[in-house]
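Before anything else, here's the structure in question.
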Amino acid sequence: MAQEYRQNWDETGNVIDPSMWLEDNNVLAGEFNGGLDRDNIANNSIVAGDLPTAAIHVIRGGGASNNSNTGYTPDRKLTDWQGGAGTGASGINLLTWTSGQDAHYDIHSSVYWSWNGAFSRVSAGTAANRPTDANPWTDTYDTVMFRITVNGVIVATAGPFDDGMEYDSVYMVGAIQLPAGTHTARVECLICRRIFQSGEVDGICTNTLTVNARAFAMLERRR
């Protein structure tokens, strides 16, 4: 392996600058005091056994509790966020954990769902003619949105998606920095009827929706 450091040469007539004279020593010292890179670390000089468990990062979530094919059916009469109170049949995803240090988190969620009924568009035209319908400001249809929250803070959202597709899926990624302590992450959905043109909420869904599968995990990047 090789040491990397910059050199300076003084010639006759130069004004001696102490900082330049010290630069070689400072850079060389940096190689031994944290300035290590691939040019001065031999291959396999540091192996997995040299590092304690979770010294660099931790993967949280996953497992059967957060990767489920058990169906969850949100309450179609509740036009508010729901699903973050449990996993499987009782919700989409919920994860509570305690970390002993400050960390950055990359949070990943994938959700696959289906609508249990015919396309709900209420229109003067036909469902096949949605873009050219004569009443876009009054036409309504069932929709679903998803989001990830951590300690009540929204870190990712997706949608709305209408029930024009019987089966659909979404992948969300969020990031947040958190101090040491206990934290809670949730994946939630909001199902409601919306006005086609404006997207405004216009009441409860006529269709029911089932979350058929979900996967949830996060990477804790320790500082």
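Please report the relative contact order for segment 57-222, taking Cα pairs under 8 Å with a sequence separation of at least 6, and give it as a percent rounded to a whole number.
RCO, segment 57-222: 42 percent.
For a footprinting-style exposure proxy, rank Leu219, Leu78, Leu51 by other Cβ within 10 Å, fewest first.
Leu51, Leu78, Leu219
Another question about this same structure. So if R0 is 41 Å, what FRET efficiency would Thr73 and Gln177 give, r being the distance between their Cβ atoms, rounded to the nearest 0.05?
With R0 = 41 Å, the Cβ-Cβ based efficiency is 0.75.
Can you sort Arg60, Arg214 so the residue with the fewest Cβ neighbours within 10 Å comes first?
Neighbour counts put them in this order, fewest first: Arg60, Arg214.
Coordinate-derived values only; no laboratory data. For clarity, every value in this text was computed on a predicted model and none was experimentally measured. All Cβ positions, glycine included, derive from the backbone under ideal geometry; neighbour counts span all protein chains shown.
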